[in-house]
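Here's the structure, in structure tokens; my notes come after.
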Amino acid sequence: MSIPRTTRILRLTAVAALTATAVAVPAVAPATAGAEEPVTYRAQYHLTVPDHWKNDPQRPVFVDGKFHYYYLYNSDYDADPAANFGTAWRLATTHDGVVFADQGIAAPKKTNANYDLWSGSTVVDTANTAGFGAGAVVMLVTQMDHPTPAQQANASGPQAQFLWYSIDGGRTFRPYGDQPVIANGGRADFRDPKVVWDTERGRWVALIAERDRVSFYTSPDLRTWTRRGEYVNSGIGTIECPDLFRIRADDGTTHWVFGVSANGYATGEPATFAYWTGDFDGSSFHVDTASPQWLDHGFDWYGAVTWEDPAAPLERRYAVGWMNNWDYAHKTPTWAADGYNGTDSITRLISLKEADSGYSLVSQPVPALDGIATSRTNLGDVTVDGFLPLAYQGDAYRIETDVSWSTATNIGLQLRRSADGSRHADVGVTDTYAYVNRAQTGHPDNPFKLESRTPFPSSATTVHLEILVDRTTIEVFVDDGRYVHSSQVFAPPGDRGLALYTSGGSATFHDLTITEFGSVVQRPARVIADFEGGSWGLGWTATAALASAAPSASALAGQVGAQVADTFAGSDAATGVVTSPPFTIDRDFLHLLVGGGRHPLGVEPATSVQLLVDGQPVRTATGADDATLRPVEWDLRDLAGKTAQLQILDDATGAWGHLMVDQVVLSD
């Protein structure tokens with residue numbers, strides 16, 4: 001196998017031991033890395049799944065002042081891909097796209113006859129078009145249509161689109177029956193519905209991926225759908241995860257953008273997010289040019305989603321991608337070291353700019369990254385002619401610099417460099433292309449995905465580089481972000497060095513700045529009770545008529561799963577108390593769903609649920625005299641570290657003399 005050009009150059013410079021000139025470089029205090037620290041690959045400032053497995057991101061929705069971000073999650077994941085038993089939707093919330101709070105599973109698998117949930121999208125149904133209530137969060141999602149056990153085992157059941165809905169602001173979802181709202185029609189691939197609102201025509205639009213095409217459906221109510229048109233492209237592999245949005249360019253004109261996750265390797269292009277600018281007529285998309293552009297040119301930015309910035313919905317959008325590749329998805333060292341497999345890219349801001357040949361999307365890391373910075377060191381201007389190691393050690397940082405040169409033919413940085421210099425990932429530009437090369441480090445187990453490249457003008461003598469480094473990832477934004485490279489780099493944890501290099505002449509790295517970031521690793525949500533078993537739960541106690549009762553099978557509005565805790569126990573005459581075992585308040589909030597009688601604690605006889613600390617109620621809630629399970633959120637920050645119990649009390653025997661409780665979760 002031949003060595004990529006940039007790799008050959010670096011090996012030559014290392015052998016020649018070229019020296020740097022004008023290297024008055026301030027020392028950067030090395031980050032401490034004691035030998036006693038456990039080996040970990042978990043990213044510091046990128047979102048990682050708390051445990052087991054994640055893959056496709058699902059487009060976030062903005063509810064109650066924060067983004068609700070969903071992703072495919074498999075709690076049954078094992079290192080053997082054959083043991084991958086399907087995905088649910090897990091939820092994390094964020095205010096800024098950087099710091100996320102895990103909320104646990106929002107849409108559990110095996111809830112209906114259609115087994116697990118694959119990709120789809122959610123919308124906030126402000127006008128109540130679907131009939132689940134104004135502001136309900138409605139999901140259109142791919143599931144298998146009544147798969148057999150054999151089809152469940154190998155995920156081969158017929159793909160169709162199903163409706164789920166949430167009446168608690170997108171925290172939990174319930175399926176709208178077992179029948180598809182968009183049936184398969186005999187297609188082998190029919191998945192990943194992306195729903196958008198067509199303001200001009202006053203109707204919903206769904207884009208569905210069908211291997212070599214994307215179909216367009218419309219609906220007035222999210223329940224009844226009509227196929228309108230399609231986009232066909234047989235040259236970019238299997239098409240997945242479509243996207244469609246309007247955005248205003250920097251010259252003031254407004255454009256439609258159509259995107260898909262696709263495989264461009266047959267034509268020497270990426271396997272990330274392909275997009276086209278053009279026109280959407282309500283039924284199909286008409287591209288400006290047949291050839292796609294790509295939002296990322298690295299190896300690990302797949303299944304990406306974009307969503308609008310509520311503060312400027314036409315001016316800019318956010319975007320995030322899954323940082324993995326199906327060629328080596330199950331070979332990441334994070335599973336053995338940390339018990340998880342799944343990392344997202346950093347959230348980006350994307351905008352549309354006029355270019356020589358039309359319009360192109362450009363990307364920048366979200367500014368909120370600065371809010372988690374723990375240190376910032378400016379090394380000033382550093383001139384290099386050959387090779388220069390820096391006195392820096394780190395694995396979670398950002399480098400920014402403007403590089404200038406006159407005769408150099410290759411300039412760059414060695415990242416995640418080993419102490420002996422034999423291992424490193426290289427980022428730089430040559431006279432014709434920019435690149436990221438991971439061949440000389442612990443790159444994923446694939447010999448054909450070593451160096452990603454993007455065009456770079458041969459006449460250029462300057463470049464702006466913004467590079468994000470985390471424990472398993474490198475993301476490079478070249479110049480204004482027109483080109484981005486996002487790739488996994490599984491360097492050994494001890495490889496934390498940094499060096500600069502040039503070939504063919506000197507270069508000056510101007511205003512070279514290193515910003516270190518703190519950890520934003522989520523504390524996993526803790527399910528206190530889901531009431532899906534044959535008893536109240538391990539360690540729970542019950543009195544009176546409830547001592548011989550158990551959770552009930554039900555189908556209440558807002559319910560999660562198949563069962564709830566219901567103190568009806570055969571009649572409203574049943575009374576008693578159900579109490580959880582003690583637990584530590586180690587998260588900021590307690591969430592639960594409550595329905596039934598409106599009999600608050602303190603106005604006897606009560607039907608209420610309360611949080612007990614030292615045996616005394618410190619939070620309490622009751623029903624609303626109906627069967628709808630409504631969300632309750634208790635802020636527990638003033639009780640941090642205390643021991644608590646959850647208690648369900650039913651003293652009432654008259655009308656609505658019972659209480660229903662479901663899905664009790666501690667989270668941040």
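The values are calculated or read from the model by the stated rules, or taken from the named source; none is laboratory data. Note that this is a predicted model, so its numbers are computed, not measured. We place every Cβ from the backbone using ideal geometry, glycine too, and count neighbours over all the protein chains shown.
A few points about this structure:
- Candidates are the residues of region 191-206 that are more than 20 Å from the chain's Cα centre (by Cα) and in a strand (DSSP E or B); the one that is nearest to residue 181 (Cα to Cα) is 206.
- Looking only at residues of region 653-668 that are under 19 Å from residue 571 (Cα atoms) and assigned to a loop (DSSP other than H, G, I, E, B), we find that the one that is nearest to the chain's Cα centre (by Cα) is 658.
- Checklist (1) surrounded by fewer than 21 Cβ atoms within 10 Å (Cβ to Cβ); (2) under 21 Å from residue 256 (Cα atoms); (3) without any contact (Cβ under 8 Å) to a residue 60 or more places away in the chain applied to residue 215, failing item: (1)
- Pair list, Cβ under 8 Å, 6 or more apart: region 586-602 residue in the same structural domain as residue 638 (by TED's automatic domain parsing) and buried (at least 17 other Cβ atoms within 10 Å of the Cβ), other residue polar (S, T, N, Q) and in a loop (DSSP other than H, G, I, E, B): 593/172; 593/559; 596/567
- Top-ranked residue of region 85-137 - restricted to ones that are of a type in the set (Ser, Thr, Tyr) and closer than 26 Å to residue 153 by Cβ, ranked as modelled with the lowest pLDDT: 111
Here's the yes/no breakdown for (1) at pLDDT below 95; (2) more than 19 Å from residue 507 (Cβ to Cβ); (3) in a loop (DSSP other than H, G, I, E, B):
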residue	(1), (2), (3)
428	no, no, no
438	no, yes, no
447	yes, yes, yes
460	no, no, yes
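- Check on residue 217, in a strand (DSSP E or B), within 30 Å of residue 356 (Cβ to Cβ) and outside the structural domain of residue 156 (by TED's automatic domain parsing): no
- Meets criteria (of a type outside the set (A, V, I, L, M), surrounded by fewer than 16 Cβ atoms within 10 Å (Cβ to Cβ), farther than 30 Å from residue 90 by Cα and without any contact (Cβ under 8 Å) to a residue 60 or more places away in the chain) for residue 422: yes
- Set 622, 584, 628, 607: member being out of contact with any Gly (no Cβ under 6 Å at 6 or more places or on another chain) and over 14 Å from residue 528 (Cα atoms): 622
Residue-wise test of (1) without any contact (Cβ under 8 Å) to a residue 40 or more places away in the chain; (2) under 26 Å from residue 383 (Cα atoms); (3) more than 27 Å from the chain's Cα centre (by Cα); (4) buried (at least 22 other Cβ atoms within 10 Å of the Cβ).
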site: 485; (1), (2), (3), (4): no, yes, no, yes
site: 497; (1), (2), (3), (4): no, yes, yes, yes
site: 506; (1), (2), (3), (4): no, yes, yes, no
site: 510; (1), (2), (3), (4): no, yes, yes, no
site: 534; (1), (2), (3), (4): yes, no, yes, no
site: 545; (1), (2), (3), (4): yes, no, yes, no
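- Selection count where residues are at negative phi and surrounded by 22 or more Cβ atoms within 10 Å (Cβ to Cβ), scope region 218-230: 1
- In region 233-279, residue surrounded by the most Cβ atoms within 10 Å (Cβ to Cβ) [restricted to those that are assigned to a loop (DSSP other than H, G, I, E, B) and among the hydroxyl-bearing types (Ser, Thr, Tyr)]: 272
- Elements of type strands (runs of 3 or more DSSP E) contained in region 336-406, each with 1 or more residues being among the basic types (Lys, Arg) and touching a residue at least 60 places away in the same chain (Cβ under 8 Å): 348-355, 373-378, 397-405
- Residue in region 361-378 that is of a type in the set (Gly, Ala, Ser) and either at pLDDT below 95 or in contact with a His (Cβ under 8 Å, 6 or more places away or on another chain) (or both) present: no
- Checking 325, 341 one by one, the residue that is in contact with a Phe, Trp or Tyr (Cβ under 7 Å, 6 or more places away or on another chain), under 22 Å from residue 239 (Cβ atoms) and of a type outside the set (D, E, K, R) is 325 and no other.
- Number of positions in region 431-468 that are β-branched (Val, Ile, Thr), in contact (Cβ under 8 Å) with a residue 60 or more places away in the chain and over 17 Å from residue 298 (Cβ atoms): 2
- Matching entry among 475, 466 (being surrounded by fewer than 21 Cβ atoms within 10 Å (Cβ to Cβ) and either out of contact with any helix residue (DSSP H, G or I) (no Cβ under 7 Å at 6 or more places or on another chain) or in a strand (DSSP E or B) (or both)): 466
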